[in-house]
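Asker: One structure follows; several queries about it will come next.
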Amino acid sequence: MEVFLRARAWFVTMAFRSIENTTFLDLQNAIFASDKIMQKALQTSGGQYPPIGFLAGAWAQTIQYFSEQVRISGKPLTEFIQHWRLGTQMELDQRRQEKQQRPE
């Protein structure tokens with residue numbers, strides 16, 4: 001849960017810092033990104049959660065990835081989160097199609 005709280009804090013802080021320039025990061029995308037991290041943090045394998053060290057490392061790598069993408073490209077953070085959102089939607093659509101194609 002701490003990983004989720006740190007991620008939410010980072011994304012919401014970025015959204016509030018860019019309140020005058022919401023094209024950089026709006027609150028809706030900030031909440032989406034932190035919720036996505038929460039989904040990943042709450043996944044279990046065999047009823048067990050991953051070690052906290054793994055989650056902390058994943059959080060750090062996620063934040064570093066977004067920071068580097070913004071630094072290198074100069075594009076707004078929202079653009080990378082929307083790309084992440086699009087990937088998530090495509091995965092959901094693909095799962096729905098596979099489910100519909102299965103014979104019952």
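All of the numbers you see were taken from the coordinates with simple rules; none came from a lab. Keep in mind that what you see is a predicted model, and the values were worked out from it rather than measured. Positions of Cβ are backbone-derived with ideal geometry, glycine not excepted, and every protein chain shown enters the neighbour counts.
Asker: Please work out if ALA9 is free of Cβ contacts under 8 Å to residues at least 40 places away in the same chain, in contact with an Asp or Glu (Cβ under 8 Å, 6 or more places away or on another chain) and of a type outside the set (Asp, Glu).
Answerer: Spelling it out, it is not the case that ALA9 is free of Cβ contacts under 8 Å to residues at least 40 places away in the same chain, in contact with an Asp or Glu (Cβ under 8 Å, 6 or more places away or on another chain) and of a type outside the set (Asp, Glu).
Asker: Name the single residue, out of those in segment 82-97 being in contact (Cβ under 8 Å) with a residue 12 or more places away in the chain and of a type outside the set (Lys, Arg), that is surrounded by the most Cβ atoms within 10 Å (Cβ to Cβ).
Answerer: The qualifying residue surrounded by the most Cβ atoms within 10 Å (Cβ to Cβ) is TRP84.
Asker: In addition: Do we have any residue at all in segment 72-81 that's under 21 Å from PHE4 (Cβ atoms), free of Cβ contacts under 8 Å to residues at least 12 places away in the same chain and loosely packed, with under 12 Cβ neighbours inside 10 Å?
Answerer: Taking every residue of segment 72-81 in turn, none turns out to be under 21 Å from PHE4 (Cβ atoms), free of Cβ contacts under 8 Å to residues at least 12 places away in the same chain and loosely packed, with under 12 Cβ neighbours inside 10 Å.
Asker: Output the residues belonging to segment 10-35 that are in contact with a Lys or Arg (Cβ under 9 Å, 6 or more places away or on another chain) and under 21 Å from LYS75 (Cα atoms).
Answerer: PHE24, LEU25, ASN29, ALA30, ILE31, PHE32, ALA33, SER34
Asker: How many residues, within segment 40-53, are surrounded by 12 or more Cβ atoms within 10 Å (Cβ to Cβ) and of a type outside the set (A, V, I, L, M)?
Answerer: Summing the residues that are surrounded by 12 or more Cβ atoms within 10 Å (Cβ to Cβ) and of a type outside the set (A, V, I, L, M) in segment 40-53 gives 3.
Asker: Right, here's the next one. Just to be sure before I move on: is PHE11 part of a helix (DSSP H, G or I), aromatic (Phe, Trp, Tyr) and exposed (fewer than 15 other Cβ atoms within 10 Å of the Cβ) in the structure I sent?
Answerer: no
Asker: So is GLY47 free of Cβ contacts under 8 Å to residues at least 24 places away in the same chain and at positive phi or not?
Answerer: Considered against the rule, which asks whether it is free of Cβ contacts under 8 Å to residues at least 24 places away in the same chain and at positive phi, GLY47 comes out as yes.
Asker: Do any helices (runs of 4 or more DSSP H) entirely within segment 15-104 hold 2 or more residues that are in contact with a Pro (Cβ under 9 Å, 6 or more places away or on another chain), and if so, which?
Answerer: 52-73
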